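Written out below as structure tokens is the structure these notes cover.
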Amino acid sequence: MKLLLIRIGEVALKGNNRRTFENALSRNMHRALHNLSVDIKKIYGRFFVYLYDEEHFYTAIERLQKIFGIVSISPVENVPLDPAKIQEKAVEVLLQSISTPFSFKVEARRANKNFPLTSPEINQEIGGYILNQIPASKVDVHNPDLILYIEIREEEAYIFHHFYPGAKGLPVGVSGKALMLLSGGIDSPVAGWMGMKRGLEVEALHFHSFPFTSERSREKVIDIAQSLTDYHPKITLHIAGFTEIQKAIHTTCPQSMGVTIMRRMMFRIADKLAKKRECRALISGESLGQVASQTLESISVISAVTELPIFRPLIGLDKQEIINNAIQIGTYNISIRPYEDCCTVFLPRHPAIRPDLEHTEKIENNLDISTLIENCLNSIETITLQTSY
Ligand code: ATP
Ligand code: MG
């Protein structure tokens, strides 16, 4: 059996919020570990995972590291509240983890004030015992190779020295539901992931322009959504046909306004679909200043068509920071596959950088907007993606 201590975030949460947070986290952990032999228990504001099959240690750690709401994970040894047993276990743990001569320090925390030794006394006693038992060890309080943590709790003591970083954030599901506009690019999956990180449940909407965009570019988006299921176990992906709209824009609107109007159509449709799916916000991968459609003027003209708030989690990130995130999340290698996106197909050479709302609306009078939206909504194909385990 291996015991994992799960530290949870947002410690400022109180009362009901705290309970909602813990319940969602517990649900998400059960879901992620459902086919491993485990028990999950909440003890004094933290979780413990009892992993019965040690072979699954790294699998469990990897899955837990993708669950939002977890700050860090430590494999721990639990010991009865008996100083003799604690020091024996401390030596055992050290011998298992390090072989060459090493320096260490003991850092005890006594949450249980009934324990006979104070924290400094524990540090001294156990440190001394370790030095005696392991001749290759020495104490270094400033820059040790290893810090051995000893936590004295109500029912037992925990010994550990390693922290696997968690994904942090809030558990998926505690912040309501949003619809993300998912292209095949690098940015939008990162934006969706950031929404998930703040506890949003997320559905995805993708526009494709078959036959101008290929089956491959559709598959690419499905693969991106699939890879996000590591963080959000079930993703509903809506794929909408955008060809008719792009043709209509291309034939009736000045080329320079194509991108702005195309984005406005996308957001109108997203707004309608979101309401139907009980999503209360939209998420987009727009940043600021990256391309012509991402100036403040463009963003405000585009935002004017929706009633729901649009979250743009990437607004303050540089491209390289977004790329680093995409690599970490695991979407980057899919996003750079070279298939065309619907936006690139009809891309004008000189898009308007500072569109004006009145002017844009005037041009749009040439489009039968409600019919185009209706047809697009009717074309939607919905697929559900789930983790492969
Ligand atoms: P991305 O890498 O996410 O495509 P980008 O930097 O290429 O972003 P744009 O192409 O201007 O920026 O797209 C801005 C945002 O509009 C995207 O992040 C995405 O949220 C949405 N979007 C663009 N194309 C599509 C599409 N085909 N389907 C759904 N949403 C899209
Ligand atoms: Mg794009």
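The values are calculated or read from the model by the stated rules, or taken from the named source; none is laboratory data. The structure presented is a predicted model; accordingly, all values stated were derived computationally and were not measured. Note that each Cβ is placed from the backbone with ideal geometry, even for glycine, and that neighbours are counted across all protein chains shown. Ligands, DNA and RNA are stripped out before the accessible areas are found, and what is left, the full protein with its side chains, is counted by its heavy atoms. Shrake-Rupley method; radii C 1.70, N 1.55, O 1.52, S 1.80 Å.
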Tally up the residues in the range 93-118 that are in contact with a strand residue (DSSP E or B) (Cβ under 9 Å, 6 or more places away or on another chain) and touching a residue at least 12 places away in the same chain (Cβ under 8 Å), please.
18
Quick check, is GLU10 in a loop (DSSP other than H, G, I, E, B), in the same structural domain as PRO75 (by TED's automatic domain parsing) and open to solvent by 50 Å² or more (accessible area, probe 1.4 Å)?
yes
Out of the range 290-317, which residues are open to solvent by 60 Å² or more (accessible area, probe 1.4 Å) and either near ligand 1 (Cβ under 10 Å from one of its atoms) or within 25 Å of the chain's Cα centre (by Cα) (or both)?
GLN290, VAL291, PRO309, PHE311, ILE315, GLY316
Can you name the residue in the range 44-71 that is over 17 Å from GLY9 (Cβ atoms) and in a strand (DSSP E or B) and is also least open to solvent (accessible area, probe 1.4 Å) among such residues?
LEU51
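Rundown of residues vs (1) in contact (Cβ under 8 Å) with a residue 24 or more places away in the chain; (2) away from ligand 2 (no atom under 16 Å from the Cβ); (3) aliphatic (A, V, I, L, M), yes/no style:
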{"site": "SER256", "(1), (2), (3)": "yes, yes, no"}
{"site": "MET262", "(1), (2), (3)": "yes, no, yes"}
{"site": "MET266", "(1), (2), (3)": "yes, no, yes"}
{"site": "ALA270", "(1), (2), (3)": "yes, no, yes"}
{"site": "LYS275", "(1), (2), (3)": "yes, yes, no"}
{"site": "ALA281", "(1), (2), (3)": "yes, yes, yes"}
{"site": "SER293", "(1), (2), (3)": "yes, no, no"}
{"site": "LEU296", "(1), (2), (3)": "no, yes, yes"}
Any residue in the range 254-272 that is more than 20 Å from ASP341 (Cα to Cα), part of a loop (DSSP other than H, G, I, E, B) and modelled with pLDDT of 95 or more?
no
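Table: residues versus (1) closer than 28 Å to GLN294 by Cα; (2) in contact with a Ser or Thr (Cβ under 6 Å, 6 or more places away or on another chain); (3) outside the structural domain of ASN378 (by TED's automatic domain parsing).
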| position | (1), (2), (3) |
| --- | --- |
| SER119 | no, no, yes |
| HIS142 | no, no, yes |
| ASP187 | yes, no, no |
| GLY192 | yes, no, no |
| SER209 | yes, yes, no |
Can you tell me which residues in the range 148-203 are within 16 Å of ligand 2 (Cβ to nearest atom), open to solvent by less than 30 Å² (accessible area, probe 1.4 Å) and among the small types (Gly, Ala, Ser)?
GLY184, GLY185, SER188, ALA191, GLY192
Restricting to the range 362-381, name every residue that is part of a loop (DSSP other than H, G, I, E, B) and either open to solvent by less than 90 Å² (accessible area, probe 1.4 Å) or aliphatic (A, V, I, L, M) (or both).
LEU367, ASP368, SER379, ILE380
Selection status of GLU121, within 25 Å of ILE8 (Cβ to Cβ) and among the acidic types (Asp, Glu)
no
What is the residue count in the range 22-43 for residues that are open to solvent by 30 Å² or more (accessible area, probe 1.4 Å), in contact with a helix residue (DSSP H, G or I) (Cβ under 8 Å, 6 or more places away or on another chain) and in a loop (DSSP other than H, G, I, E, B)?
1
Scanning for something among the hydroxyl-bearing types (Ser, Thr, Tyr), surrounded by fewer than 20 Cβ atoms within 10 Å (Cβ to Cβ) and assigned to a loop (DSSP other than H, G, I, E, B), does the range 319-340 turn up at least one residue?
yes
Only one of ILE224, ILE245, ILE249 is in a helix (DSSP H, G or I) and within 15 Å of ligand 2 (Cβ to nearest atom), namely ILE224
Mind listing whichever residues of the range 347-361 are within 25 Å of THR213 (Cβ to Cβ) and open to solvent by 70 Å² or more (accessible area, probe 1.4 Å)?
LEU347, ARG349, HIS350
